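*Asks:* Right, I'll just put the structure down here and ask away after.
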Amino acid sequence: MDIAAMSVVLSQSKVQQQAGISVMKMAMGIEATKGDSIASLVSGTTKAMESSVQPNLGANLDIQA
C-alpha cells in the first residue's frame, strides 16, 4: 500500500470515529434531558400525592400561649 492510499484510509477512519462520537454526544444529551424531565415529574407528583393524602396538614396554625 502506498503512502497516499494509507493517508486516505486513515483520514476516512478518523472521520468515521468523529461522526460516531458526535452521534453519541447527541444521544447522551437527549437522555440527560429525559432524565431531568422525569426527575421533575416525579418530584411534582410526590408533592401532589402528599397533599392529597393529608390535605389539612399545615393549613392551620395555633399560636395560643
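FYI, it's all coordinate maths here, none of it is from the lab. Here the structure is a predicted model, which is why all the values come from computation and not from measurement. Methodologically, a virtual Cβ is constructed for each residue, glycine included, from the backbone with ideal geometry; neighbour enumeration extends over all protein chains shown.
Yes or no, residue by residue, for (1) among the polar types (S, T, N, Q); (2) loosely packed, with under 10 Cβ neighbours inside 10 Å:
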position: ALA5; (1), (2): no, yes
position: VAL9; (1), (2): no, no
position: GLN12; (1), (2): yes, no
position: ALA19; (1), (2): no, no
position: MET24; (1), (2): no, no
position: ALA32; (1), (2): no, no
position: SER37; (1), (2): yes, no
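*Asks:* Restricting the search to region 7-33, which residues are under 15 Å from the mean Cα position of the chain (by Cα) and of a type in the set (Ser, Thr, Tyr)?
*Replies:* Result: THR33, single match.
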